[in-house]
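Taken together, the values in this text are just the output of simple stated rules run on the coordinates, not laboratory data. A quick note: this is a predicted structure, and the numbers were derived from the prediction, not measured. Cβ placement follows ideal geometry from the backbone for every residue including glycine, while neighbour counts extend to all protein chains displayed.
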Amino acid sequence: MARRPIAGRLVIATHNPGKLAEMRDLLTIYGIAAISAGELGLAEPEETGATFGANARIKAEAAAKAANMPAFADDSGLAVDALDGDPGIYSARWAGPDKDFRFAMNKVQSLLIERGAKSAEKRRGHFVSALCVAWPDGHVEEFEATVDGTVVWPPRGTLGFGYDPLFLPDGQTRTFGEMSSEEKHGLPPLGRGLSHRARAFLKLAEACLAKR
């Protein structure tokens, strides 16, 4: 199936302010005007998928249908090898209804200690981002990317959101929580596209967005 170009206005299917800021930044440089599902008052669909990609598609399709315009969704999270891939697709849910990611990070650390994962080589982790763009007519475009790294303790940095302070990407000396927004997900030439979301977005941009 031929790729469909993205143009004009679309809905960012998220109620997460951190994700919204990153996704809006990524889209703006391509001249895409975006409004969030939260700003439109759209309900959050139940994420019943077994993969990041499935959940991204659920969110994008629900928003596209409700708003009757193209919708862009991300589903992402932290997968820790020593925890058999957890928290994975449950990354946000580990933070509970109050989105307390300090609690979630403590849970990750406690489970790693329980399993004897104290050295860096036993604390390998991966941030995963699945992106989906859905149109009201049912057409979808899907992309996925990962970034590998190490889960550190204690958390470092107050920038970013979610599990960023726990994650030291390979080849870097600072966690995502210690990096500015531009450093973490800025696209070339201004940034290095380090984050999982930026890497997935670069795939999407190459396939569906006009060259800058």
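Here is how the numbers come out for the structure above:
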| quantity | calculated |
| --- | --- |
| Across 107/184; 107/203; 65/107; 59/107; 122/184, pairs whose alpha-carbon gap is larger than 30 Å | 107/203; 65/107 |
| Calculated P(r) tail over 15 Å for region 1-84, as whole % of Cα pairs | 60 |
| Residue 4-residue 118 FRET efficiency (beta carbon distance; Förster radius 45 Å; 0.05 resolution) | 0.40 |
| Separation between Cα centres of region 134-162 and region 108-123, rounded to whole Å | 22 |
| Nearest 10 degrees, 0 to 90: helix 196-208 Cα axis against the chain principal axis | 20 |
| In degrees, nearest ten, helix 17-28 long axis to first principal axis of the chain (Cα) | 50 |
| Contour excess over end-to-end distance, with Cα ends at residue 139 and residue 159 and 0.36 nm allotted per residue | 3.6 nm |
| Per-residue [θ]222 nm for the chain (sum of -39500 (n - 2.57) over DSSP H runs n ≥ 4, rounded to 500) | -9000 deg cm²/dmol |
| Cα→Cβ-extended label distance, 7 Å offset, between residue 102 and residue 15, nm | 2.4 |
| Extension gain (nm, one decimal) between residue 207 and residue 39, 0.36 nm per residue minus Cα-Cα | 57.7 nm |
